[in-house]
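**Q** Below is the structure I would like to discuss, written out as structure tokens.
What follows draws every value from the coordinates through simple rules; no lab data is involved. Computed from a predicted model, the values in this text were never measured in an experiment. In this analysis, Cβ positions are derived from the backbone assuming ideal geometry, glycine residues included, and neighbour counts consider all displayed protein chains.
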Amino acid sequence: MSIQMHQLQKFGEIVRTLETFDGPQNIREAVFPQIIALVEADFAASYRWNNRKRISEDGLYHNMYETAGRDHDGYFQFRDPITMRMRAAGRAASVDEVIDRKALEASEFWNGFLQRDGLHFGMNIFLFDGAEDLGDFRLWRSRDHGPFAEAQVTLLEALRPHLGRALSRQSCRYAGLTPREQEVVHLVARGCRDQDIGRILRISISTVRTHLNKAMEKRCCANRAELAASLRALS
């Protein structure tokens, strides 16, 4: 196994993104293209697991068929022989480590979903904070490109603590808040006035205050100063 200097540089860039990321935007989305570049994937997807519904959701996709998200969410994820095996692995691993190639290629998931886009060699990582699912990254290559090298699996696994901390931090900071409430709270924590928030988000001051009041109620904060302090404490 040999890790090259350019791979270490890309790895460092991802770590810096994760350590300095601030705001309610999706961290998975922010580092998605960087991880794809790190392991030289041809295709990729990323989801969060909803344990109550027992489904993968909030999908991100790279270089896949335009209806991939709809097809996966509505049908093929329920015929997926890979994901539960990968979740149980507890580490970054290649698909061929968890399922026999012949069994995979005989499955409806392979013939109706993976093969359609040319996904052949896969590598996944699933991230957790205790029992809470934080998200996953599912990387794929074409048959012509060939399988991922051991060094690339190692680099992906080495990202685990950095990804886990960043995703867990964001989950704690904005737990229970709607996307719009998250945006308002983030701007409050940065010292913005209601007028500034309304201008930035293009909403009325009364709407800003409605979101702010709901966020304070959910976070058990008496005022905006307490709310801002609670977010900074989780930075």
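**Q** Mind giving me the nanometre distance, one decimal, between the label points for residue 89 and residue 151, set 7 Å out from Cα along Cα→Cβ?
**A** Placing both labels 7 Å beyond Cα along the Cβ direction yields 2.0 nm.
**Q** Work out, in µm²/s and without decimals, the Stokes-Einstein translational diffusion coefficient of the chain at 20 °C, 1.002 mPa s, Rh from Kirkwood over C-alpha pairs.
**A** 110
**Q** Separate question: Read phi for every residue in the stretch 103-115 and hand back ³J(HN,Hα) as whole Hz from Karplus 6.51 cos²θ - 1.76 cosθ + 1.60, θ = phi - 60°, with x for Gly and Pro.
**A** Those phi angles translate into 5, 4, 6, 8, 7, 5, 4, 5, 6, x, 10, 5, 5 Hz.
**Q** If you don't mind, there's one more thing I want to ask. Grab the beta carbon distance between residue 40 and residue 172, set R0 = 41 Å, and tell me the FRET efficiency rounded to 0.05.
**A** Efficiency, rounded to the nearest 0.05: 0.80.
**Q** Normalised by the number of residues in the stretch 1-111, what is the relative contact order in percent for Cα pairs under 8 Å and 6+ residues apart?
**A** 14
**Q** Residue separation times 0.36 nm, minus the C-alpha to C-alpha distance between residue 199 and residue 111: what's the value?
**A** This chain segment gains 26.7 nm when fully extended.
**Q** In a shell of Cβ-Cβ distance under 14 Å around residue 67, excluding residue 67 itself, what net charge do Lys and Arg (+1) and Asp and Glu (-1) give?
**A** Summing Lys/Arg as +1 and Asp/Glu as -1 gives -2.
**Q** Let me ask another. In whole percent, what relative contact order does the stretch 179-233 give with Cα contacts below 8 Å and a gap of six or more residues?
**A** That works out to 41 percent.
**Q** Quote the charge dipole size of the stretch 5-173 about the Cα centre in Debye, to the nearest 20; the model charges only the Cβ of Lys and Arg (+1) and of Asp and Glu (-1).
**A** 360
**Q** Which aspartates and glutamates have a Cα lying under 13 Å from the Cα of residue 218, excluding residues fewer than 8 positions away in the same chain?
**A** In chain and number order, the partners are 181, 226.
**Q** Quick one: in the stretch 179-233, what % of C-alpha pairs are over 12 Å apart?
**A** 58
**Q** Right, another one. Residue 190 to residue 129: FRET efficiency via 1/(1 + (r/R0)^6), r the Cβ-Cβ distance, R0 25 Å, to the nearest 0.05?
**A** 0.45
**Q** Hey, what did the chain get for relative contact order, percent, Cα under 8 Å, at least 6 apart?
**A** 19
**Q** Give me the extension gain from residue 30 to residue 217: residue separation times 0.36 nm, minus the current Cα-Cα distance, reported in nm with one decimal.
**A** 64.4 nm
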